[in-house]
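Comments concern the structure below.
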Amino acid sequence: MIESERDQPERVRIPVLIGTVRKGRQSGKVARWMQSILEGAPNVSTELIDLRDLNLVLDDSRRGTADPRFEASVDRADGLVLVVPEYNGSYPGLLKHALDTLLAQYARKSVGLVTVSAGGLGGARLAATMLPVLRDLGLVVIKRDLLVSRAGEAFDEGGELVDGRLPTRADRFVEELLWMKRTLKAGRQPEEV
């Protein structure tokens, strides 16, 4: 028996955003790893959004100045994964600026936060400072953050994972992200009259 398109599960779109433009960043390795995990999840499609590739208007922070590709990607998305390095206990200013260029596109979408640090805390302070920002934008932040400590040691030079603890934590992170996505997507459906 041939399954109809209606019988097949709907594909979920969850882009991964690299939240820094800094040279020598380790978060790019983490983001590509997260992208590969999402690509391996059933019925999930993903893409990598690199802050470096966005055409950001830096002299005007009002909404409506978003890079059209960024806006379209977020608009089509069912959820997002943000891979963000901790800079002095917080997040990169350019990431905040990029996020602020949109608003309506975030409404009731799930977001998972992957924090990256060179030290042992894995970006825990960053997660605490970014939470109110993401909520204010209308995103629904999942409870489980994925903290990547000592990112320079967690991956080799070629970007291959060497920290054996991360896969289990990443699986739990993705599981919660997809659960929240399903819950919120049902809430975004038009109400029947």
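The values are calculated or read from the model by the stated rules, or taken from the named source; none is laboratory data. Every value quoted in this text rests on a predicted model; they were computed, and no experiment measured them. Virtual Cβ from ideal backbone geometry, glycine too; neighbours counted across all protein chains shown.
Side notes on the structure shown:
- Only one entry in Asp75, Asp53, Asp67 is charged (D, E, K, R), surrounded by fewer than 22 Cβ atoms within 10 Å (Cβ to Cβ), farther than 19 Å from Ser149 by Cα and at pLDDT below 95, namely Asp67.
- Total residues in region 113-143, condition over 21 Å from Arg52 (Cβ atoms), touching a Leu at 6+ places or on another chain (Cβ under 8 Å) and of a type outside the set (A, V, I, L, M): 2
- Inter-residue pairs, beta-carbon under 9 Å, first among the basic types (Lys, Arg) and at pLDDT 90 or above and in region 89-104, second buried (at least 17 other Cβ atoms within 10 Å of the Cβ) and in a helix (DSSP H, G or I), 6+ apart: Lys96/Met130
- Filtered residue count, region 7-54, keeping only those that are basic (Lys, Arg), part of a helix (DSSP H, G or I) and within 16 Å of Val114 (Cα to Cα): 2
- Answer residue from region 1-19, given it is within 28 Å of the chain's Cα centre (by Cα) and at pLDDT below 85 and is surrounded by the fewest Cβ atoms within 10 Å (Cβ to Cβ) among those: Pro9
- Identity of the residue in region 78-99, small (Gly, Ala, Ser) and under 14 Å from Ala127 (Cβ atoms), that ends up surrounded by the most Cβ atoms within 10 Å (Cβ to Cβ): Ser90
- Sub-9 Å Cβ pairs linking a first residue in region 161-179 that is more than 13 Å from Met34 (Cβ to Cβ) to a second residue that is of a type in the set (Phe, Trp, Tyr) and surrounded by 12 or more Cβ atoms within 10 Å (Cβ to Cβ), at least 6 apart or interchain, are Val162/Phe155; Asp163/Phe155, ordered by first then second residue.
- Checking Arg150, Arg108, Arg125, Arg165 one by one, the residue that is farther than 22 Å from Arg25 by Cβ, surrounded by fewer than 18 Cβ atoms within 10 Å (Cβ to Cβ) and not β-branched (Val, Ile, Thr) is Arg108 and no other.
- Enumeration of residues in region 141-160 that are farther than 15 Å from Arg32 by Cα and in contact with a Phe, Trp or Tyr (Cβ under 9 Å, 6 or more places away or on another chain): Ile142, Arg144, Asp145
- Residue in region 171-187 that is farther than 17 Å from Asp78 by Cβ and either under 15 Å from the mean Cα position of the chain (by Cα) or outside any loop (DSSP other than H, G, I, E, B) (or both) present: yes
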